[in-house]
Each structure stands twice: as structure tokens, then as C-alpha cells.
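The values are calculated or read from the model by the stated rules, or taken from the named source; none is laboratory data. Treat the numbers as computed from the prediction; the structure is a model and nothing was measured. FYI the Cβ positions are ideal-geometry reconstructions off the backbone, even for glycines, and counts take in every protein chain you see. Calculation scope for accessible area: heavy atoms of the full protein, side chains included, ligands and nucleic acids excluded. Shrake-Rupley method; radii C 1.70, N 1.55, O 1.52, S 1.80 Å.
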Amino acid sequence: MYLILAALLLAPVVVMGALVALIVTKIKNGEATLSGIPEIESTSKHWLYGHWRGFVDPKVHQYLAAQARLLGPIFRLRVVDTVICVLTDPVDISKMCCRGQDFQDKEASAYDPFNLIHWGPTTTNIVSMKTDDQWKLLRKGLSPCFSSTNMKLAMPVIQAISANILDQIEAAGPTQAFDMLDAARRMTAEVIARWGFKMTFGGEDLLKPNELVKLINQMFTAIHCLWMNPLYVFSLLTSKEARTHRTNTRAYDDYMAGVTRELQARPLDELPSDCIAGALMRVTQPSGEPLSFPQLKSNVAIMLAAGFETSASAINSAVLSLIQHPAELARLEEELDAFGLLKTPTRPEPRAVEWDDLGRMTYLNAVIKETLRLYPPASLGGMRATSKPTTLCGYDVPAGTWVLIPGCALDRSIAVYGEDADEFRPDRWLSRSSDSGGKDGAGISWASTGAYDDEDAGGVADQASAALVQGPSAGRLKEPIAFSMGPRDCVGQALARLDAQVFLAMLFSRFRVSLAPGMDSPEEIWSKTAYHVTLAMPDGLWLCMASR
């Protein structure tokens, strides 16, 4: 009897000891194979969970950028038993991300949190899945939604929603403070709803809380905890905060299930194939069967969330950058004035921005690029996995190695952008036209660089080199890596850029913008910026906007 009781008591200890031994062995083997690659200093490394604390910190974007400055274009860290290479070399990144013999796919397991936020059968979506046949069908179906022809149709929708929001701000008067992050989220959420899903979520009224915006904000926080914390499951037993996140994901999933059922109930001819909802309703599984309800719900959810949060983050960062840099703001106002878009005493009702203006407003486009460089919304970028032994920055890297490509570090690299890499200087994009094969260095690219079929890749051997600047600045990327590159780049990046172009042009043509009383200085606001899947300001960006 006593022996049985002792065995029962000791069994969990033995099992736990064996598990720890297995983890430690895996850690030693993984670190040994990459021992030549510089590692983040040992003072921040725990013997078991490694550099996990730095990786889960909301300031992880600053942490990785600082380590890249210290250690160079490749270094390694460890999160529990997974050793991760962090890569910031433009040449090797372009090879890994673009079609060709060195292409490396996403590490799908790193994106599991985007699947785990849904309840019921777990399924992947266009962001979280590997580059398989299902992904190709999704990409092929969704890509036409973001063509330049379709973006022209989206522009009036963006203008109408932006005008409604800005009219409310003007009516409230110059002393009324508004949170620009909230206003930008409402604008981009309603754009993706109306244009992409042919419905409305009622987000335009700035004085009323919006359920979708609230749920998606809560969902991103929950994803961050799932993504960055490998011990999240255990924290459900000990942390009230973790249980709150889990409750919030359930509320978000219920909301998305309702949206998906509403779409399924509508006649298909109400959802054209060139809108997001219509495209998703027509995408099939590789077998030819329609997407299952969990598959459809997961893709509806990710297209809605990604379609507005990243755009709002970029707009918010651009506004604060211009407030912080009056000379650059004056340059933008001069450009708006030259195009007849700026409200002045002699031009009280300027004309509306038009499609043909967008490609010619080089300084506005340079401001957007510089914002995406310094403050990429998805600052940690993407996780790839080597499918075969490869060489990165001169180091041998075995198959199965996780490789993180963080925009927050790459796009602040002194080696890539020079000693002024931390400075907001839109002019750097204007001066790159001669290095871009004659193309205006500040121009906005409307087409995704990704091909959804092997046959579409056309010139795959050149796709990696085409992403790089030629001439005196050879070895640099032509664009900030905010939207990634190659076949796994952001399918909806054209809409994100268009949102930013139109809203920023309309905002600064109508208003003089300043920080609201009580707000911190721009430097202090930036220092508090936190990473929760996207870059955000925890306290918002409260502004007063005076009509010109």
C-alpha cells in the first residue's frame, strides 16, 4: 500500500524530470548547431526559458533593434527549447522571401495563435498556413480584390468615410480632443467592411463605442500573449489576466461566427468576386469542395482584422511623426497647396484629392514610406523555417531552423540606411529614384510582389534581385519591409497604402493638428509605444484639430 502511494506521488516528479531532461537536451543540441552565430548576451538568458522575458516584453521591437545594432546582421536567441536566428541582412532576406531556389516558407507553427483564438475545430487561414495548395487557392481568389482597378473603386468609399469622420472633428471645434488612433481605426474598419464585405459595422460615429474595434483590440492583445508566451496554457491556471484574454477571444470568435453566417445567408450575386467576401465565398478546398465554416470564419476574421489595424497603426504613426517634425509637415503642406488640395483663405473649398494625384504626390508617398520604415505596424515581421541546410551571412544554418525577419531591426539598420537610420527623413526616398532603375523612389507600388502559382512567378531567378536597389546603394531593399516581400507578402497592402494616402491628404489639407493638452511630448509617446502583434500607443494619440 505504502509502495503504491509512494509510486503515485513520485510519478509526476519522474515525468516532469524526464520532460525537463528532454528539453535541456534539445536546447543543448540546438545551441550547439548554431554556436558560431552571435547570441544575445547571457545576462538576459535563463537556463531553461532562455531569452523569453525579452521576447514577451511589449518593448520587444526596441529590444531586437538594439541587439541588431550590437551583434550585426544575424544573431540568435532562444525561447524555451526553440533557437531562433534573427536576420536583418537585405540580400539574404530577399533570397529567403522571394521565389527561387533559396525561398524558405513560413514556419506555420509560429502562427498557431492566429488559429487558437477561434473556438471549435482549429483551422488555418491565409496568414497562418504554409504555402500549400489551399493557400494558393486563397491567394488566387483574393489577389484580384486589390488590383489597381479595384483600388480606384475603393477610393470614393475611403473619401466618403474619411470626410464623415473629419466633419465630426470640425463640428466639435478646435479645443475638443480626439484620439487619432481610434479615429483611424474606425475609418479603416468601416472601409474594409463597406468595400470588402458589403456591410457596415457602424464605426463612423466618434462619440459611440464600437463593438468590432473593441473586440479586435482585445483579440490582438490575446494573440500577443499566446504568441509570445510559450507557457500561456499554464498561466490560465494561475493568472486572471490570461483567463480574461481567453474570454475575450471567445467573444471575438462569436462575433466573427455571426458575420460569417450573415455572409453565407446572402445571395452570392450580392457579393461580387472582386470584393473580399465574394472572393472568400467562391474559394474552394483543393478537392473542389467549398471552404468549411471554420475555414471561412478564420479567413473572414483575419481579413477584417488585418485589413484595418495595420493601416490605422501606420496612419497614427505618420501623424505623430509630422507633428514632431514641423519642417517635414510644412513640406507636405506645400505639396498639398501645389496640387490645389490645401484649404487656404483664398481657397476656402479646395478640390478633392483624385486618383491621378496619388502617384504624383511624391512627398506624401515619401512620408508614408518613411513612417513604415521607422514604425512598421507588424514590427516583428515574419517567421520562416529553413527547409534545407543553407548559408546566412556566411554562417551554416541547418534545416529546420527558425528565422525571424523583423522590420523593426532591419529598417533601422545603420548598415542599410546610414548613420541617420533613426531619424525621420522622408527625403531619403526621394533621393533613391536614380538607384531604382529610373522609377520614382517615393512611388507607391500597387501590386503585390507575390505570385500565387509557381507558373505565375515569371523570372523567379530575378525576383530576389528585383527587390534590391541597384547602383550606388546596391544591397538595400527598394521598399521598407513592412508588408514583407515575395509570394507571402501582404495581399492587402495596396488598400493599406491607399487608406493612408487618402486620409493623410484629407486630414492635413483641412486641419492644423497639435497634441492635446496633457499629452506627453512626441519623444515620450514614442517611448511608450508597445507591440501587441501591431505597434500601438497604449494611451492613444489625443489631438486637437483646428480648421484651416
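Below, the figures for the structure above:
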{"item": "Simple Cβ-charge dipole of segment 465-548, Lys/Arg +1 and Asp/Glu -1, about Cα centre, in debye nearest 20", "result": "340 debye"}
{"item": "Residues Gln176 and Thr200, FRET efficiency given R0 of 30 Å [Cβ-Cβ distance, rounded to 0.05]", "result": "0.75"}
{"item": "0 to 90° range, to nearest 10: angle between helix 211-228 axis and the chain longest Cα axis", "result": "40 degrees"}
{"item": "Sites Trp119 and Thr344 - FRET efficiency at Förster radius 41 Å, r taken between beta-carbons, to 0.05", "result": "0.15"}
{"item": "Positive-end residue, segment 158-272 charge dipole about Cα centroid, Cβ charges, pick of Tyr252, Gln176, Ser239", "result": "Ser239"}
{"item": "Accessible area of the chain divided out per residue, in Å², using a probe of 1.4 angstrom", "result": "41 Å²"}
{"item": "Reachable aspartates and glutamates, given that their alpha-carbon falls under 14 Å from the alpha-carbon of Lys136 and they are not under 8 places away in the same chain", "result": "Asp105, Asp453, Asp454, Glu455, Asp456, Asp489"}
{"item": "Relative contact order (%) - the chain, alpha-carbon pairs under 8 angstrom, separation at least six", "result": "23 percent"}
{"item": "Degrees between helix 240-265 axis and first principal axis of the chain (Cα, 0 to 90, nearest 10)", "result": "60 degrees"}
{"item": "Additional length obtainable on full extension of the chain from Asn164 to Ala265, 0.36 nm per residue less Cα span", "result": "33.4 nm"}
{"item": "About the Cα centre, charge dipole magnitude for segment 276-390 (Lys/Arg +1, Asp/Glu -1 at Cβ), debye", "result": "540 debye"}
{"item": "Förster radius 25 Å - calculated FRET efficiency between Ser547 and Arg360 (Cβ-Cβ, nearest 0.05)", "result": "0.45"}
{"item": "Under 14 Å from Lys297, Cα to Cα: aspartates and glutamates that are on another chain or at least 8 residues apart", "result": "Asp253, Asp254, Glu262"}
{"item": "Protection proxy ranking of 141-147, 88-94 - average other beta-carbon atoms within 10 Å, highest first", "result": "88-94, 141-147"}
{"item": "Of the GluC sites (Glu not before Pro) in segment 188-281, those whose Cβ has at most 14 other Cβ within 10 Å and which sit in DSSP loop", "result": "none"}
{"item": "The chain: calculated mean residue ellipticity at 222 nm from DSSP helix runs of at least 4, using -39500 (n - 2.57)", "result": "-15500 deg cm²/dmol"}
{"item": "Global form of segment 255-414, assessed from the alpha-carbon gyration tensor, a/c cut-off 1.5", "result": "oblate"}
{"item": "Potential lengthening between Asp133 and Glu241 on full extension [0.36 nm per residue; Cα-Cα distance subtracted]", "result": "35.0 nm"}
{"item": "Extension gain from Phe234 to Ile414, taking 0.36 nm per residue of separation minus the Cα-Cα distance", "result": "60.8 nm"}
{"item": "Acute angle (nearest 10 degrees) that the helix 148-172 long axis makes with the longest principal axis of the chain, alpha-carbon atoms", "result": "70 degrees"}
{"item": "Cα centre as origin, Lys/Arg/Asp/Glu Cβ charges: the chain dipole, Debye", "result": "840 debye"}
{"item": "Residues of type lysines that Lys140 reaches as a straight line, Cα spacing below 16 Å, ignoring anything fewer than 8 places off in the same chain", "result": "Lys130"}
{"item": "Distance between modelled label sites at Ser148 and Lys59, nm, 7 Å Cα→Cβ extension", "result": "4.4 nm"}
{"item": "Protection proxy ranking of 365-377, 400-412 - average other beta-carbon atoms within 10 Å, highest first", "result": "365-377, 400-412"}
{"item": "Exceeding the 19 Å Cα-Cα cut-off - candidates Lys343/Lys369; Lys106/Lys214; Lys152/Lys198; Lys240/Lys528; Lys59/Lys528; Lys95/Lys478", "result": "Lys343/Lys369; Lys106/Lys214; Lys240/Lys528"}
{"item": "Share, in percent, of DSSP beta bridges within the chain that are antiparallel, nearest 5", "result": "90 percent"}
{"item": "Three-way shape call for segment 67-142 based on the alpha-carbon gyration tensor, with the a/c threshold at 1.5", "result": "oblate"}
